[in-house]
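To start, the structure itself, in structure tokens.
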Amino acid sequence: LGFSLPARGQAEILGRMGFKAKVKGRKLEVSIPPYRCDILHPVDVAEEVAIGYNYDRIKPEPLRVPTTGSLLPSTKLRRKIRDLMAGLGFQEVTSYLLSNPETQTVKMGLQGVDLAELANPLTSEYSVLRWWVIPGLLEFLSKNTHAEYPQKVFEVGDVVLPDSEAETATRVECRLAAALTGFKAGYEDIQAVAYSLLHHLGFHKWRVKPAEHPSFIPGRAAWLQVGGVDAVLLGEIHPQVLEAFQLPNPVAAMEANLTRLLPEAFHCERV
């Protein structure tokens, strides 16, 4: 119980609780009433002593552990990014990690993408693990065309990529995806968001590299390279993709690979 109580005091408490208790040396002999079928172990007797003593009289003590608890660096990073995006006027959404090839590739104008598939999916709608987040945002926007424009949404979440060298044949990366749609949504709007993100994360130098991506309008998409690594993909969504998702207005979107940008935040040693 964490506190010292003389044997006679314990016997007195148990007596009040309907038990018969006798002190024999350093031990306590307890007779359990026949109607107390819930007493199965000496621990149960100790619990009765605590109840009779009154839990409110027991002084709480801090838990003694060998380590001090704290948030993981990756959790701190996710919270920091959520605060930034909310400050930029974006609304956070959460979509499923499970998806389907139609949403992840076909509607996005992609072909030949290797997806992590489920062995025994319960439904074709959730048969693969998503490999990027933007399609989920477009799916969300397509179901909210009745809402007021402009609309600005984001999601911080994981994606799963096939990796033959990994123990599980897959690897997990953390991404930030953002999309904005409205009558005048364009590349410059989403570029400003991407630049704010990089500044907020402590980056001051990056290179803009034109991107050729089927999901985006040619000449209106780019990679932001940080330290020579393609870290952020951004641009204006292709009209064919908008039609596939039945989106009536232009959409500008970005997806940042947080695992590439800040690998130290996602490196956790196994204990």
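Throughout, read-outs are computed from the coordinates displayed, never taken from laboratory work. Values in this document were obtained by computation on a predicted structure and should not be read as measured data. Ideal geometry is used to build each Cβ from the backbone, glycine not excepted, and the neighbour counts take in all protein chains shown.
Write down the Å³ per residue value for the convex hull defined by the alpha carbon atoms of the chain.
Working: hull volume 68.2 nm³, N = 271.
Taking only Cα atoms, the chain has a hull volume of 252 Å³ per residue.
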Dipole size in debye (nearest 20) for the chain around its Cα centre, Lys and Arg Cβ +1, Asp and Glu Cβ -1?
1520
If you average over every viewing direction, what projected area does the convex hull of the Cα atoms of segment 1-125 give, in nm²?
17.9
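For segment 209-271, run through the trypsin sites (Lys or Arg not before Pro) and keep only the ones in DSSP coil with at most 14 other Cβ atoms within 10 Å of their Cβ.
Values: sites: Arg220, Arg260, Arg270; in loops: Arg270.
Hits after loop and neighbour filter: Arg270.
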Can you sort Val106, Val49, Val43 so the residue with the fewest Cβ neighbours within 10 Å comes first?
Val43, Val106, Val49
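So which chymotrypsin sites (Phe, Trp or Tyr not before Pro) in segment 152-188 pass both tests, a DSSP loop state and at most 10 other Cβ atoms within 10 Å of the Cβ? Kindly include the intermediate steps, with their values, before the conclusion.
Values: sites: Phe154, Phe183, Tyr187; in loops: Phe183.
Here the chymotrypsin sites (Phe, Trp or Tyr not before Pro) that fit, given the DSSP loop and packing criteria, are Phe183.
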How charged is the neighbourhood of Ser142? Take every other residue with its Cβ under 14 Å from the Cβ of Ser142, and add Lys/Arg as +1 and Asp/Glu as -1.
-1
Separation of alpha-carbon centers, segment 222-271 and segment 120-184, rounded to whole Å:
10
Could you tell me the center-to-center distance, by alpha carbons, between segment 72-109 and segment 56-71 in angstrom?
36
In nm, what is the difference between 0.36 nm times the number of residues separating Ala50 and Asn249 and their Cα-Cα distance?
64.9 nm
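Test of the criteria: in segment 221-271, which GluC sites (Glu not before Pro) are in a DSSP loop and have at most 14 other Cβ atoms within 10 angstrom of their Cβ?
Values: sites: Glu236, Glu243, Glu255, Glu264, Glu269; in loops: Glu269.
Taking segment 221-271 and a limit of 14 other Cβ atoms within 10 Å, the loop GluC sites (Glu not before Pro) found are Glu269.
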Proximal aspartates and glutamates to Lys20, defined as alpha-carbon separation beneath 12 angstrom and excluding residues fewer than eight positions away on the same chain:
Glu12, Glu29
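Tell me what the chain gives for mean residue ellipticity at 222 nm when only DSSP H runs of n ≥ 4 count, each as -39,500 (n - 2.57), the sum divided by the residue total, rounded to 500 deg cm²/dmol. Let's see the in-between values first.
Values: 7 runs with 70 residues, N = 271.
Computed ellipticity for the chain at 222 nm equals -7500 deg cm²/dmol.
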Stretch gain in nm, segment Glu173-Asp38, where the contour uses 0.36 nm per residue and the Cα spacing is subtracted:
43.6 nm
Spatially near lysine pairs across segment 73-266, Cα under 30 Å, sequence gap of 8 or more or different chains:
19
